[in-house]
Structures are given as C-alpha cells and as structure tokens.
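Enquirer: I'd like to ask you about the structure that follows.
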Number of protein chains: 2
Amino acid sequence: MPDDNNPIPHWQRQDLPPMLTRRFEFESYAETRRFLDGVAQLAEEARLHPNLSFGKTYVSVTIDADGKKVGPDCVALAQKIDGLVAPAT
Amino acid sequence: MPDDNNPIPHWQRQDLPPMLTRRFEFESYAETRRFLDGVAQLAEEARLHPNLSFGKTYVSVTIDADGKKVGPDCVALAQKIDGLVAPAT
C-alpha cells in the first residue's frame, strides 16, 4: 500500500544500521558521470558522505545515518538526489 | 609466498566471474575525491569501466573482464591505478 506521505517512495529504509538506499540506472556512462557529479555536489552542500557504488550505467546510493536514526537531513538529501533524475515536468 | 613476477600483488584475482579487486583507504574525503578523479581518467583512457564503491575515506575498485579471462588490459589498468597511490620514491 503506497504511503502518500512518504517524501522518498523510491528509497529503501533500513533500521539496523539506519540507512536509506536507492539504485539508479542510466543509458550511458556519460549520464552516469553527470549524475555522480550532481550527487557529489549535493552531498558536499549537505555535509553528508553517502556511500556510492557505481559501474558504467548504474549508481547505488546509500545514505547512512552514522548509527543514529535516519533524520530529516538524510531525507532532504535523498529528495535532492531524486531531483537529479526527476522528469522536467 | 610472494610471487615476484606478479605485477599487481595488492589486487585480488577472482576467476568466476573474472575480475580484479583492491580496496584503498584514505585519510580524508579530499584525498578520496582526488583518487576517484584519477581513476576516472585512467579508466577513460583505457576504455574500461571498473566498478567503484566508495565512502568518505575508502574506495573499492573492481575491474571486471566482462566474462572473459582477466587480460593484460585489466592488469595494465590496475598497475596505473596503483601508481596513483604509490609513494613518490
């Protein structure tokens, strides 16, 4: 059942250890690189250091909460990262 | 027993699927970023797309051989990546 109040429905939440993860797929390495650069900039602005795992056409983002509960700062970063791939509508 | 003829002793070789992996640790996020940029450039020159997994102070590099045997091109890229962290002696 979808939760309309969940601001980040595409992310998986894990509680132990607390983290948010989402996998993104791309058509080309160029798109993958552009996305990685965008995430690096957003992460720097948020002063968070998500773990990224990527290959030619995918990126898995894991935002870990450093052992604390997943907080609004983590959710805000996840939303901004979603914004990098949101259709411009 | 060390193999003096192994050009990449710090890498682990796996045969199924064929790949080379090495984990690198750094003191700071700035060093991690510098290393990542270096790997991206070397990979582009080699026309290979290693899988990278990284956090604030570590990078795991996996060079997969696309199902084929690990060839000289993979070993050469591993050596060049080693060169990014080799002490300047």
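The values are calculated or read from the model by the stated rules, or taken from the named source; none is laboratory data. Quantities reported herein were computed from a predicted structural model and do not represent experimental measurements. Positions of Cβ are backbone-derived with ideal geometry, glycine not excepted, and every protein chain shown enters the neighbour counts. What goes into the accessible areas is simple: the full protein's heavy atoms, side chains included, and nothing from ligands, DNA or RNA. Shrake-Rupley method; radii C 1.70, N 1.55, O 1.52, S 1.80 Å.
Enquirer: What gaps in nm, shortest first, separate A:GLY83 from its twins in the other copies when you place the label 7 Å past Cα toward the beta carbon?
Expert: 4.1
Enquirer: Just tell me how shielded B:66-78 is by partners: mean number of partner chain Cβ atoms within 10 Å of each residue's Cβ, no decimals.
Expert: 0
Enquirer: Per DSSP helix of 4 or more residues, -39500 (n - 2.57); summed, then divided by the residues of the protein assembly as shown. What does that give at 222 nm, rounded to the nearest 500?
Expert: My calculation for the protein assembly as shown gives -12000 deg cm²/dmol from helical runs alone.
Enquirer: If you place +1 on the Cβ of every Lys and Arg and -1 on the Cβ of every Asp and Glu, how big does the dipole about the Cα centre of the protein assembly as shown come out, in debye to the nearest 20?
Expert: Roughly 60 debye, rounded to the nearest 20.
Enquirer: A further question follows. Percent of Cα-Cα pairs more than 24 Å apart in the protein assembly as shown, please.
Expert: Result: 43 percent of Cα pairs exceed 24 Å.
Enquirer: With every protein chain left in place, what is the accessible area of A:ASP37 in Å² (1.4 Å probe, nearest 10)?
Expert: Here the accessible area works out near 80 Å².
Enquirer: Can you work out which chain A residue has the shortest Cβ-to-axis distance for the rotation that carries A onto B, and give it in Å?
Expert: Smallest Cβ distance to the axis, with its residue: A:SER53, 2.
Enquirer: List the trypsin sites (Lys or Arg not before Pro) within chain A that DSSP assigns to loop and that have no more than 16 neighbouring Cβ atoms inside 10 Å.
Expert: A:ARG47, A:LYS56, A:LYS68, A:LYS69
Enquirer: So, one more: Accessible area per residue for the protein assembly as shown in Å², computed with a 1.4 Å probe and the full protein assembly in place, what is it?
Expert: Result: 64 Å² per residue.
Enquirer: Let me ask you something else. Restricting the calculation to Cα positions, tell me the Rg (one decimal) and the Dmax (whole number) of the range A:1-78 in Å.
Expert: Computed over the Cα atoms of the range A:1-78, radius of gyration and Dmax are 12.9, 36 Å.
Enquirer: Could you go through the range A:13-18 in sequence order and give the Karplus-derived ³J(HN,Hα) for each residue, using 6.51 cos²θ - 1.76 cosθ + 1.60 with θ = phi - 60°, rounded to whole Hz, and x for Gly and Pro?
Expert: 9, 10, 9, 10, x, x
Enquirer: To continue, here is another question. Let me confirm the definition first: pairs of Lys residues in the protein assembly as shown, 8 or more apart or on different chains, C-alpha distance under 23 Å. How many are there?
Expert: Close lysine pairs under the 23 Å cut-off: 13.
Enquirer: Using Cα atoms only, what is the angle between the long axis of helix A:29-46 and the major principal axis of chain A, expressed in degrees (0 to 90) to the nearest 10?
Expert: With both axes taken from Cα atoms, the answer is about 40 degrees.
Enquirer: Output the relative contact order of the range A:30-84, whole-number percent, from Cα pairs under 8 angstrom with separation of 6+ residues.
Expert: Relative contact order, the range A:30-84: 34 percent.
Enquirer: Follow-up. Heavy atoms only, probe 1.4 Å: what % of the accessible area of chain B goes to carbon and sulfur, would you let me know?
Expert: Looking at chain B in its full context, I get 49 percent from C and S.
Enquirer: Relative to the longest principal axis of chain B, what angle (0 to 90°, nearest 10) does the C-alpha long axis of helix B:72-85 take?
Expert: For helix B:72-85, the angle is close to 20 degrees.
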